[in-house]
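Before any comments, here is the structure.
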Amino acid sequence: MSENVARGGVVLGAIPDLPDRVWSEAVRYAALFDRELIVAHVDVTRFVTYEDPDGTPHSAPIDLDLAAASRELDRIRAVAEEHLEASGVAWSIRSLVGDPAMALKRLADDVDATVIVVGTRRRGIGETLREFFTGSVAARLAHRQHRPVLVVPLQEPIADSDDPWVE
């Protein structure tokens, strides 16, 4: 571990099925900047109820299936270990709650992140509709804070004549 751990780290917005390409880019940037990779999972089934004066958030579940959220974080931790064990990059995992863009922004502010890494949305009508109603996490991050946001494409580019909402 280097002396640069935490301050100036590279924040990775992680979901359980995050493609290898996004993991690889996040590791590459953490190594390039000689910074810790902070793997951040945002539990969207919980919301922040209040914060202590020291900034510690307290949350409550929207859904009472607390075991599901724990399993999701365990899956991300297992995938992180698989991708990062041999990388030589210092890393940690953080569990956040609430709106993904705002939670990642808050974490990036707290650790004075060098860059935030996220993947693009998956192709398909379901993801198109979800993004229509909730907005793009990458776009919302880019518009609501001052640090760079690296948006990694999940798959090969599609031709201009193809429909992006069809898998």
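Note on D109 and A139: the model spin-label points, each 7 Å out from Cα along the C-beta direction, lie 2.3 nm apart.
Net charge in the neighbourhood of V111 (other residues with Cβ under 12 Å of its Cβ; Lys, Arg +1, Asp, Glu -1) is +2. Between R28 and R147, what FRET efficiency comes out of the Förster formula 1/(1 + (r/R0)^6) with R0 = 22 Å and r the beta carbon distance, rounded to 0.05? That pair, R147 with R28, gives E of 0.80.
Readers should treat all values here as calculations from the given coordinates under stated rules, not as data from a laboratory. The shown structure was predicted, so the numbers you read here are calculated from the model rather than taken from an experiment. Neighbour counts run over all protein chains shown; Cβ positions are idealised from the backbone, glycine included.
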